[in-house]
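The values are calculated or read from the model by the stated rules, or taken from the named source; none is laboratory data. Remember, predicted model here, so these are calculated numbers, not experimental data. Cβ placement follows ideal geometry from the backbone for every residue including glycine, while neighbour counts extend to all protein chains displayed.
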């Protein structure tokens, strides 16, 4: 049985070309880029090239606009904390209810421990941001508005340019967590109002442990990590040379495959989605179907629970993920599905299929052949399911 | 990925007694779809003997919820009502070879469904039972009685455990103080009844203070084994102790090898730079201390001349 990996929003396979580019920098060109000898200088040159490759993917004008970090989370934390530190008179943040925990948990902490006022912009039932509420939340005290480019669970894309514009109306910085968008949608930062943008290597076929923060020229940045002079003193710590070089090659490959991602991968996703909805009743797509990442499908199956679905799919060699409570160890369905007010009958059974350029038609065929049986098996077990009708389930506590 | 036991997987992939029991005379429903798990337990009880002749279940929930439900039916079939009521959620977890701590509430749900189904069979209204305690956790519909039972049966002593076993406080957290109160009270009662060591009992004041580690006085040379050792075991330990020391001896150009073990006398031969070294007696003393620590019995290390 050929395994089917459809969890690319969680992480991607490192492209073998990326690995090959990285390998010499472990055992041969292992020098510290800061060193005054050949070992150092050859690494320095490779890092410069890698920075250029990432610049091309992001469409940035200046090489110093990229600050390498260790993760998307580090980039997000750096951006928000720096915005507060560099603008002492501004102590408010505007974000959304559906951000990644890297932003959300930090905001909650700042609220509780630093007295920062945080506005969480709501979304509608299709995951679309309430732009009016966002506009109203902005004000002269707003230090930074931070809205993700695309949601990791539903793939819904937010109107980032418009949101950045609105933030600038109030003199506030605009940051976007673009971890899910970079490599999947075209980005051209030199023509953009965005001040800061976070990305993570392992979401675009580079390894884990490398991320970056774009900081628009002229935007002040206070480092999160202090120490050496690396990254012009904006992020101390010896450069992760293999990671940076791997991210460079991954960025180049992402540009090459951008068209494929937008067309072939999107078609795979659409075929899976249509096929599942045709074969399985009481199921629906969550998120904004019109405006979303080409690779993501989030489908809620009513009256069953996600973990059971994942376990049965895993048995058939299919890997995907769920917004259900049980898989994460938390007791509630994901904050994204709750923010969208997906009914409880379905929120626990929401499954995310996320594709990459590695996926094929056979992958879709396999899921389409397996999934109806999986759903049926669990519905047979469910006290809420009776051929599509709700049964009279009367719990003694609820 | 949860670390489920093979038995949990087996009972999830091929659940026994799943489905509707048409002629059930005791039905217990617990949980709700909004809570993320729910279980209907159906029993067929012989009215003459009170023996559970058949049991089936329907469950909405994760893998361990389905496995726990199925396990429960397997455990109770053939038992009398009285016998079944003696079971606890721990019996379900044990039957499955254990559940991850975060999933213990699945076994509690099975236990609660059993009580509900038996009450239904007897014609009691299960709700009466629930009037004993107030509804604590509104998000998951957990009342005081359920929390208290879970604490007593499983000897829970932390808030985290209470959440893992009952889900209470797992969502909006507004009931944390109430649940904390129940945990404090029940633990205190358990201590008074001699069911719980007072040092383990939950103390909300203490939970904020960093706890010191128990400082067990341990020798860096290792601790002594307790059991009586055979001669071969003693020799192996002595040899490995000497092996550990050898790099230090070699660093000074010396070496040491075991010649014989005779009761509490360990005969060794020093070689290389150790021979004639003024510090040789210190080295011998060091070896002796190390062997005593390893073996846990007094002994003497005696150098014997080489060749």
- Hey, residue A:104 hits all of (1) within 16 Å of the chain's Cα centre (by Cα); (2) surrounded by fewer than 15 Cβ atoms within 10 Å (Cβ to Cβ); (3) in contact (Cβ under 8 Å) with a residue 60 or more places away in the chain but one; which does it fall short on? (2)
- Does any residue in region A:36-47 that is at negative phi come within less than 6 Å, Cβ to Cβ, of a residue that is in a helix (DSSP H, G or I) and surrounded by 15 or more Cβ atoms within 10 Å (Cβ to Cβ) six or more places away or on a different chain, and which pairs are these? A:43/A:241; A:46/A:245; A:47/A:244
- Item | Filter pass, residue A:314 being surrounded by fewer than 16 Cβ atoms within 10 Å (Cβ to Cβ) and free of Cβ contacts under 8 Å to residues at least 24 places away in the same chain | yes
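Let's see how each residue does on (1) at pLDDT 95 or above; (2) in a loop (DSSP other than H, G, I, E, B); (3) over 22 Å from the mean Cα position of the chain (by Cα):
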residue	(1), (2), (3)
A:356	yes, yes, no
A:359	yes, yes, no
A:362	yes, no, yes
A:366	yes, no, yes
A:370	yes, no, yes
A:373	yes, no, yes
A:379	no, no, yes
A:384	no, yes, yes
- Any idea which residue in region B:138-150 is nearest to residue B:176 (Cα to Cα), counting only those that are surrounded by 24 or more Cβ atoms within 10 Å (Cβ to Cβ) and more than 10 Å from chain A (Cβ to nearest Cβ)? B:147
- Message: Looking at region B:151-169 only, could you name the residues that are at the interface with another protein chain (Cβ under 10 Å from one of its Cβ atoms) and on the phi > 0 side of the Ramachandran plot?
- Response: B:167, B:169
- Message: I need the full set of residues from region A:1-13 which are surrounded by 18 or more Cβ atoms within 10 Å (Cβ to Cβ) and touching a helix residue (DSSP H, G or I) at 6+ places or on another chain (Cβ under 9 Å), in order please.
- Response: A:4, A:5, A:6, A:8, A:9, A:12
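Yes/no matrix, rows are residues, columns are (1) away from every other protein chain (no Cβ under 14 Å); (2) closer than 24 Å to residue A:153 by Cβ; (3) not in a loop (DSSP other than H, G, I, E, B):
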| residue | (1), (2), (3) |
| --- | --- |
| A:224 | yes, no, no |
| A:243 | yes, no, yes |
| A:248 | yes, no, yes |
| A:254 | yes, yes, yes |
| A:261 | yes, yes, yes |
| A:281 | yes, yes, no |
| A:297 | yes, yes, yes |
| A:300 | no, yes, yes |
- Taking only region B:256-288 into account, find how many residues are more than 19 Å from residue B:236 (Cβ to Cβ) and surrounded by 12 or more Cβ atoms within 10 Å (Cβ to Cβ). 13
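Within region A:331-347, take every residue that is crowded, with 24+ Cβ neighbours inside 10 Å and within 11 Å of chain B (Cβ to nearest Cβ) and give me the one that is farthest from residue A:283 (Cα to Cα). Give the steps one after another, and end with the answer.
Residues of region A:331-347 that are crowded, with 24+ Cβ neighbours inside 10 Å, as a first pass: A:333-334, A:336-337, A:340, A:342, A:347.
Subsequent filtering for residues that are within 11 Å of chain B (Cβ to nearest Cβ) retains A:333, A:347.
Working: A:333: 17, A:347: 11 Å.
Across region A:331-347, the extreme among qualifying residues is A:333.
Yes or no: residue A:272 in contact with a helix residue (DSSP H, G or I) (Cβ under 7 Å, 6 or more places away or on another chain) and free of Cβ contacts under 8 Å to residues at least 12 places away in the same chain? Talk me through it step by step, then tell me what you get.
Numbers: in contact with a helix residue (DSSP H, G or I) (Cβ under 7 Å, 6 or more places away or on another chain): yes; free of Cβ contacts under 8 Å to residues at least 12 places away in the same chain: no.
Taking the combined requirement at face value, the residue does not satisfy it.
Yes/no matrix, rows are residues, columns are (1) touching a residue at least 40 places away in the same chain (Cβ under 8 Å); (2) not in a helix (DSSP H, G or I):
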| site | (1), (2) |
| --- | --- |
| B:120 | yes, no |
| B:151 | no, no |
| B:157 | yes, yes |
| B:161 | yes, no |
| B:164 | yes, no |
| B:179 | yes, no |
| B:186 | no, no |
| B:202 | yes, yes |
- Test residue A:232 against the criterion of being in a loop (DSSP other than H, G, I, E, B), in the same structural domain as residue A:44 (by TED's automatic domain parsing) and over 12 Å from the mean Cα position of the chain (by Cα), and give yes or no. no
- Item | Failed item, numbered, when residue A:213 is tested on (1) in a loop (DSSP other than H, G, I, E, B); (2) under 18 Å from the mean Cα position of the chain (by Cα); (3) farther than 26 Å from residue A:124 by Cα | (1)
- Task: State which residue pairs qualify: first residue touching a residue at least 24 places away in the same chain (Cβ under 8 Å) and on the phi > 0 side of the Ramachandran plot and inside region A:241-262, second residue surrounded by fewer than 19 Cβ atoms within 10 Å (Cβ to Cβ) and assigned to a helix (DSSP H, G or I) in any location, beta carbons under 9 Å apart, and separation of 6 or more residues or different chains.
- Result: none
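So if I check each of B:84, B:54, B:71, B:113, which one is over 21 Å from the mean Cα position of the chain (by Cα) and within 23 Å of residue B:161 (Cβ to Cβ)? Lay out the reasoning, then the answer.
Numbers: B:84 fails: within 23 Å of residue B:161 (Cβ to Cβ); B:54 fails: within 23 Å of residue B:161 (Cβ to Cβ); B:71 fails: over 21 Å from the mean Cα position of the chain (by Cα).
None of the other options fit; the residue is B:113.
Residues in region B:87-95: is at least one in contact with a strand residue (DSSP E or B) (Cβ under 8 Å, 6 or more places away or on another chain) and within 24 Å of residue A:304 (Cβ to Cβ)?
Looking only at region B:87-95, we keep the residues that are in contact with a strand residue (DSSP E or B) (Cβ under 8 Å, 6 or more places away or on another chain), and these are none.
No; the residues of region B:87-95 include none that is in contact with a strand residue (DSSP E or B) (Cβ under 8 Å, 6 or more places away or on another chain) and within 24 Å of residue A:304 (Cβ to Cβ).
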- Selection count, region A:176-210, where residues are in contact with a helix residue (DSSP H, G or I) (Cβ under 6 Å, 6 or more places away or on another chain) and either part of a helix (DSSP H, G or I) or over 20 Å from residue A:293 (Cα atoms) (or both): 9
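Each row is one residue, and each column tells you yes or no for (1) without any contact (Cβ under 8 Å) to a residue 40 or more places away in the chain; (2) surrounded by fewer than 22 Cβ atoms within 10 Å (Cβ to Cβ); (3) over 30 Å from residue A:373 (Cα atoms); (4) facing chain A (nearest Cβ under 9 Å).
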{"residue": "B:6", "(1), (2), (3), (4)": "no, yes, no, no"}
{"residue": "B:40", "(1), (2), (3), (4)": "no, no, no, yes"}
{"residue": "B:45", "(1), (2), (3), (4)": "no, no, yes, no"}
{"residue": "B:74", "(1), (2), (3), (4)": "no, yes, no, no"}
{"residue": "B:78", "(1), (2), (3), (4)": "yes, yes, yes, no"}
{"residue": "B:81", "(1), (2), (3), (4)": "no, yes, yes, no"}
{"residue": "B:90", "(1), (2), (3), (4)": "no, yes, yes, no"}
{"residue": "B:104", "(1), (2), (3), (4)": "no, no, no, no"}
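Modelled with pLDDT of 80 or more and surrounded by fewer than 12 Cβ atoms within 10 Å (Cβ to Cβ): does that describe residue B:231? Talk me through it step by step, then tell me what you get.
Numbers: modelled with pLDDT of 80 or more: yes; surrounded by fewer than 12 Cβ atoms within 10 Å (Cβ to Cβ): yes.
Spelling it out, residue B:231 is indeed modelled with pLDDT of 80 or more and surrounded by fewer than 12 Cβ atoms within 10 Å (Cβ to Cβ).
Of the residues that sit in region B:8-23 and are over 13 Å from residue A:381 (Cβ atoms) and within 13 Å of chain A (Cβ to nearest Cβ), which one is farthest from the chain's Cα centre (by Cα)? Please lay out each step first, then the result.
Filtering region B:8-23 for residues over 13 Å from residue A:381 (Cβ atoms) gives B:8-10, B:21-23.
From what is left, the residues that are within 13 Å of chain A (Cβ to nearest Cβ) are B:8-10, B:21.
Values: B:8: 17, B:9: 20, B:10: 22, B:21: 35 Å.
For region B:8-23, the residue satisfying everything is B:21.
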